[in-house]
């Protein structure tokens, strides 16, 4: 999913506020460091108080802190290039009436693409009633301590079937014998509000 390039909304910039803008960047960095990259979100009362104190719109402040909270959205995107091969996985995990599976991984020169499938029996459900939609985050343990960036590219499906796509960089090794895919279910993207469901797809059994 390619991101549109950003174009400044105006050619004008008041250079008298350059030092202030840089200080804003310093404070953002300080905020991240102090909170250990987990700042949470200001309460409604704080937003309301700051809105009145500094003559700022509440929705504007919600937007500002919303951007801080979702900084991961702006992380540089790796676009898979140079297709190499498909690697069969054929591993699964089952809980209650849900069947989770990773059937294969697409290998590219600069990344790997992992597909998570979720299947369920919807024969007893009322027409027009859809199950609650949650998100999944992926982390990878290769036994070597490699830091993999795993981006959820979204998903889709029907009543009884859903699939999610993850772009992994750097690319996974061709030998999957030590690879573990760790999936965590969340109410919202980027590992927020976890539901408690976590499962591991191992390659060694």
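The values are calculated or read from the model by the stated rules, or taken from the named source; none is laboratory data. Predicted model, so just to flag it, every value in this text is computed and none were measured. Backbone-built Cβ (ideal geometry, glycine too); neighbour counts: all protein chains shown.
Points to keep in mind about this one:
- For the range 120-140, the set of residues classified as touching a strand residue (DSSP E or B) at 6+ places or on another chain (Cβ under 6 Å) and either in a loop (DSSP other than H, G, I, E, B) or modelled with pLDDT under 90 (or both) consists of 120, 134, 135, 136, 137, listed by residue number.
- All told, residue 41 falls short of being closer than 30 Å to residue 112 by Cα and surrounded by 12 or more Cβ atoms within 10 Å (Cβ to Cβ).
- Qualifying residue in the range 21-32 (condition: loosely packed, with under 11 Cβ neighbours inside 10 Å, within 30 Å of residue 81 (Cα to Cα) and free of Cβ contacts under 8 Å to residues at least 24 places away in the same chain): no
- Candidates 113, 64 - the one that is in the same structural domain as residue 149 (by TED's automatic domain parsing) and either more than 25 Å from residue 185 (Cα to Cα) or surrounded by 13 or more Cβ atoms within 10 Å (Cβ to Cβ) (or both): 113
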